[in-house]
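Worksheet: one structure, shown below.
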Amino acid sequence: MTDLPRLFGADYSVYVRIVRLVLAEKGVACERVPVDVFAEEGLPPGYLARHPFGRIPAFEHDGFRLYETGAITRYVDEAFDGPALQPVDPRRRARMNQLIGIADAYAYPALVWGVYVERVEKPARGGIADEAAVDAALATARLCIGALAEVMGDGPWLAGAALSLADLHVAPMIDYFVKAPEGAALLGDVPALADWWSRLAGRPSMTLRAG
Ligand SMILES: N[C@@H](CCC(=O)N[C@@H](CS)C(=O)NCC(=O)O)C(=O)O
């Protein structure tokens, strides 16, 4: 019998959630192994052998170890049955990869760290938001939302007619972003992306929280 793939990480993580969304959309069960990168006691012994950069997620399937979310999700899509999550058309696939690149390079730092963590999480822990940092992040966030909408084209999904890895990569970032009032307002200013978000947020995979 084939072992279940193992996913190392924590529920709060954007990148762990991306892999969980992809597994859920493919209908692939996995074993979760808790790793809290922000734990006071540090990383579990031996974790750096799986992920030398000490980030989450890490993944293992039948002895094949992998880290980097984009590599994991493409592997899951290609190695398992279930609906294909990458367009076959080279240009559509290039758009999907472009969207994932935008998400990693620009959206994650701005939407999640610059807006959500600063505006929502820091005050919830008794801290004070750095308003200059929020303003700077919002400017980048506006650019990101505009770029995603432009690359998306006619939709209804980010890479075209079918749900793809791009939707599932961007989703956890938007989910944190819209928890900040400025994030929700900014998304609302771009109707194509706001409509996409309502479509995506209602999928069963998106309601998975823990476990
Ligand atoms: N390039 C990595 C990024 C993963 C990443 O940044 N994960 C965050 C949690 S969402 C993390 O481990 N942060 C710990 C840190 O920054 O020290 C990937 O694609 O998997």
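At-a-glance table
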quantity: Helix-only [θ]222 nm of the chain, DSSP H runs n ≥ 4, -39500 (n - 2.57) each, per residue, nearest 500; calculated: -14000 deg cm²/dmol
quantity: Considering only the stretch 6-79, percent of DSSP beta bridges that pair antiparallel, nearest 5; calculated: 65
quantity: Nearest-0.05 FRET efficiency for Glu40 and Leu143, computed from C-beta distance (R0 35 Å); calculated: 0.45
quantity: Simple spin-label estimate for Asp3 and Glu78 in nanometres, 7 Å along Cα-Cβ; calculated: 2.2
quantity: Calculated log₁₀ intensity ratio I(q)/I(0) where the Debye formula runs over C-alpha points of the stretch 6-79, q = 0.12, 0.22, 0.25, 0.28 Å⁻¹; calculated: -0.28, -0.95, -1.22, -1.50
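Just so you know, all these numbers are worked out from the coordinates, no wet-lab data involved. Since the model is a prediction, treat every value here as computed from it, not as a measurement. Positions of Cβ are backbone-derived with ideal geometry, glycine not excepted, and every protein chain shown enters the neighbour counts.
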